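What follows is a single structure, written as structure tokens, with notes after it.
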Amino acid sequence: MPKAFDPQAIEAQWYARWEADGLFVADAQSDKPKFAMCFPPPNITGELHLGHALQTAVYDTIARYRRMTGDEVLFLPGYDHAAIATQNVIEKQLAKEGLTKEQIGREKFDERVERWYEQTGATIINQLRLLGASMDWTRLRFTMDSRYYRSVMTAFVAFYEKGWIYRAPRIVNWCPHDRSAISDLEVEWQEHQDTLYFIKYPIDGGGDVTIATVRPETMLADTGVAVNPADKRYKSIIGKTAVLPLVGRKLPIVGEDAVEAEFGTGALKVTPGHDPLDYEIGQRHGLEMVNGMHEDGSMNVPGLPYDGMDALEARRRIVDDLKAQGLLVKEEPYTHEVGHCDRCHSIIEPLISEQWWLRMEEMRDNSVAASAAGQVRWHPERYERTYLDWLRGLHDWNIGRQLWLGHRVPVYYCENGHVTVSVERPDTCAKCGSATLEQDPDVLDTWFSSALWPFATLGWPDDTDDLEAFYPTDINCTAREIINLWVSRMIMTGLDFMGEVPFADVVIHCVVQAADGRRMSKSLGTGVDPRDLLAKYGADALRAWATSVAMSSQDVRFDESRVEGYRRFCNKLWNATRLILSSPGTQTAQAPGFIERQEHLEDRWILSRLSNAASAVKSGIDTFAFQDSINAAYAFAWNEFCDWYLEAIKDRLREGDASAQDVAYHSLDNLLRLLHPMMPFVTEELWSRLPGTRDYVMRQPWPDPRFVDPEAEEQFGLVIKIVEEVRGHRQAAGAPPRGGALELDRSVGETVANLAARLAHVELVDELGAVGTPLAVVAGKVSFPAGTGDARRERERKRLQDDLDKTQARLANPDFRDRAPAEVVANLEERATGLREALERLTARE
RNA sequence: GGGCGGUUAGCUCAGCUGGCUAGAGCGCCUCGCUUACACCGAGGAGGUCGUUGGUUCAAGUCCAUCACCGCCCACCA
């Protein structure tokens, strides 16, 4: 066995063996309880980042744990076509070659997309494997594969037939670069420093009204002016008509509660074609709707000099012209939020567009009711409110996109204007039989297809075994930024199509930030490639780090040294195993009940501590507090098993003592099982090296040791205390690492005394001789031959005295004695006694 | 504008329903290459728990306030 742990040497081969032996394949026919998780399909836009690694670690920990606790686990992998994101990636590639997608045409574009999907899909799968994700690759799904496509079409048709899908012109978020509408959730708001322009609009029959706007170019599409009816300044002009400068259009002046009298001048130019609020005002007052912009964001104002200009240029010209006419009253600096496309970062233009909409009322109500009924549990709980708040304010969902890529809307038009909606492409029109059919050019929002993930991956709409066995799934674990975009929609569609929520628990993991607190991103150069970390520290170390942070707080700054720490932990486990295996005669004779028969104090102690660790690890995973699990296992392994137990049994191991071997093997075997879900590779490797016929650790039952021995814990605790004090004195006295004499009170007992003396490397004596200065320890005293004094004593005395003073002061307070629980008072009194005794020893036994 | 989270050792973070002598890892200092591990062992320094008030016998832990930092939501031109 090599002296040091080397992750590279073991990981790949274990993964290959697990997969070859079908450890990850779920059996829908199994009679075990079913446990299912559909892995959130990563966007197929590039490599996985640290957040994915963290998420994968969480999922896989649960998957492996559940297999060990006896469930039939389906852990289903897949990836997402991410239409708008992928389109942007390909466009950027093309741009590097000096091309545009229009130049190469749809066919060539599709080829590029295919190639991209193949490459990136393979990269993603490879990365998941490197992380040790125990996914059922026989069930790998892609949101664009033919079966998934059919699920998406089926969902669309079903919604359509319920009358929930309709087509209508509405104001939408228009991305001029992608030339597509996007949903509210895909708009990213950024602060901009702009100018607020105050513009005078003349009123028919005399007078004028001044409005304020940051976007003068949109005035070309103004069709009204609105003021608050309660605003005394403007009462008299309601009902009159303003004249739009530069255009000459007549603008009705209307009274409208939505207008804030305090903002700007209190008068609002109404542009129903280019502003959501104005759109509503226009609807209410029957104002004309003018579309002043083309799909690419250029001005669409035939007959005016600004026609065809891009918006910013038009703005400059308009401002100049207004100045020239004396209509620009003033300009003020103005800071506000401007919407950008979250994929290409272009400024969003709100404009009127004919789009496909999905009514959400019923699905929303059902989801709210499901929450009220406790059908979905959120971790941490607070996110349920985030989700419900968003649901309650939900509007109809714009599901159409004008992209080149995605699921085409299954709506067909014949030459006679009839509409056929159908999952499969129809040969003829359903109404007139015409064979000349044209499909709607729109594609669906990517999130429309993702929303179906938990059941579409299992075969829906077909009545498959998988669907029967594994729906509803159990857990969805994701980042909070995706709660509304994805989680909420899965819940809604799950309830609608399957009649049940798609998962019982939603687990929101933390966001990993760069070390300096900025967000991790490739463009900022703050990203960390998980593959670098895997190469440096191994998958187990990365995963252990991930489980230690995933659920501990809302955000975590990445700290590479913590990953490194877990690699050392792997090495520690490795060497502990090496020590135990080096014991001669490695037969293990663990007969049933061998635990209860242990005589050595250290054996009883470590078995008791093991039970304690096991229950902590289990409850951590069960409650999604993975940090508690990894911390408990780490502390047990390092600070108890290695630091104390192995040190205590070294001699026995060297002699080939069978009982020491039994307990050591048993403890290590259990420890490796406890750690396996979080650190699969190193635990599999080490476990396989233990004596006996070995299968895979993941197929072993989850350990449930219940040997609790309070007496052994107390006695061994005393050993630890004595040893630590002797060591402290030794170093403070500058004595050599070994040697010296220890005298202990009879009350300590032989077992404890012998063990303590051995571990502290001192000789146990009945009475301390005249050599050196005697130094007090918890139940006796120690002296060293080469002792140079006791630098420690004064400091220790002060610490004890301070502590005692504080404790006595608290005890002296009558209110404390009256009101604090008896137990707390008793504890404090006990402590005071202990401190007093310690002080006495320190002075009396010099 | 509304909501949520954070502010604890030099750094990254734990501290559940108030009882702490405030912990861990990394870093730092001093010893030690002792036949599992120098990817190690032993010892140690280092914090008035963001501010100001309050509740309580007792507050890092509860309440209020302010200040920063971060996130989510939102149709103020």
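Some observations on this one:
- Failed condition for A:P40, given (1) in contact with a helix residue (DSSP H, G or I) (Cβ under 6 Å, 6 or more places away or on another chain); (2) closer than 30 Å to A:Q87 by Cβ; (3) not basic (K, R): (1)
- When the range A:317-369 is filtered for residues that are among the aliphatic types (A, V, I, L, M) and either touching a Gly at 6+ places or on another chain (Cβ under 8 Å) or closer than 20 Å to A:G400 by Cβ (or both), the ones remaining, listed by number, are A:I347, A:I348, A:L351, A:I352, A:L358, A:M360, A:M363.
- Only residues that are closer than 17 Å to A:A221 by Cα and surrounded by fewer than 17 Cβ atoms within 10 Å (Cβ to Cβ) were counted across the range A:252-284, and they come to 3.
- Within the range A:630-657, residues that are under 17 Å from A:S608 (Cβ atoms) and of a type in the set (V, I, T) reach no partner that is near RNA strand B (Cβ under 9 Å from one of its atoms) and in a helix (DSSP H, G or I) with beta carbons closer than 7 Å at six or more positions or on different chains.
- Filter pass, A:P502 being within 30 Å of A:E361 (Cβ to Cβ), modelled with pLDDT of 95 or more, more than 10 Å from RNA strand B (Cβ to nearest atom) and in contact with a Gly (Cβ under 8 Å, 6 or more places away or on another chain): yes
Quick grid of which residues meet (1) in contact (Cβ under 8 Å) with a residue 40 or more places away in the chain; (2) buried (at least 22 other Cβ atoms within 10 Å of the Cβ):
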site	(1), (2)
A:R518	no, no
A:S521	no, no
A:L524	no, no
A:P530	yes, yes
A:R543	yes, yes
A:D559	yes, no
A:K572	yes, no
A:L581	yes, no
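- The residue that is nearest to A:T56 (Cα to Cα), counting only those in the range A:22-37 that are among the hydrophobic types (A, V, I, L, M, F, W, C) and in contact with a helix residue (DSSP H, G or I) (Cβ under 7 Å, 6 or more places away or on another chain), is A:M37.
- Each residue in the range A:150-193 was checked for being outside any helix (DSSP H, G or I), of a type outside the set (K, R) and away from RNA strand B (no atom under 16 Å from the Cβ), and 11 of them qualify.
- Test: residue in the range A:655-667 that is within 30 Å of A:P785 (Cβ to Cβ) and either in a helix (DSSP H, G or I) or in contact with a Ser or Thr (Cβ under 7 Å, 6 or more places away or on another chain) (or both): yes
- Residue that is nearest to A:D643 (Cα to Cα), among those in the range A:727-761 that are in contact with a helix residue (DSSP H, G or I) (Cβ under 6 Å, 6 or more places away or on another chain), modelled with pLDDT of 90 or more and within 16 Å of RNA strand B (Cβ to nearest atom): A:L759
- Residue that is surrounded by the most Cβ atoms within 10 Å (Cβ to Cβ) [pool: residues in the range A:199-222 that are closer than 17 Å to A:L312 by Cα and within 13 Å of RNA strand B (Cβ to nearest atom)]: A:A221
- Only one of the listed residues (A:T547, A:T526) is in a helix (DSSP H, G or I) and of a type in the set (V, I, T). That residue is A:T547.
- Just one residue in the set A:E647, A:E596, A:E655, A:E602 is at pLDDT 95 or above, charged (D, E, K, R) and surrounded by fewer than 19 Cβ atoms within 10 Å (Cβ to Cβ); that residue is A:E647.
The values are calculated or read from the model by the stated rules, or taken from the named source; none is laboratory data. Just so it is clear, the structure is predicted and the values come from calculations on it, not from any experiment. Ideal geometry is used to build each Cβ from the backbone, glycine not excepted, and the neighbour counts take in all protein chains shown.
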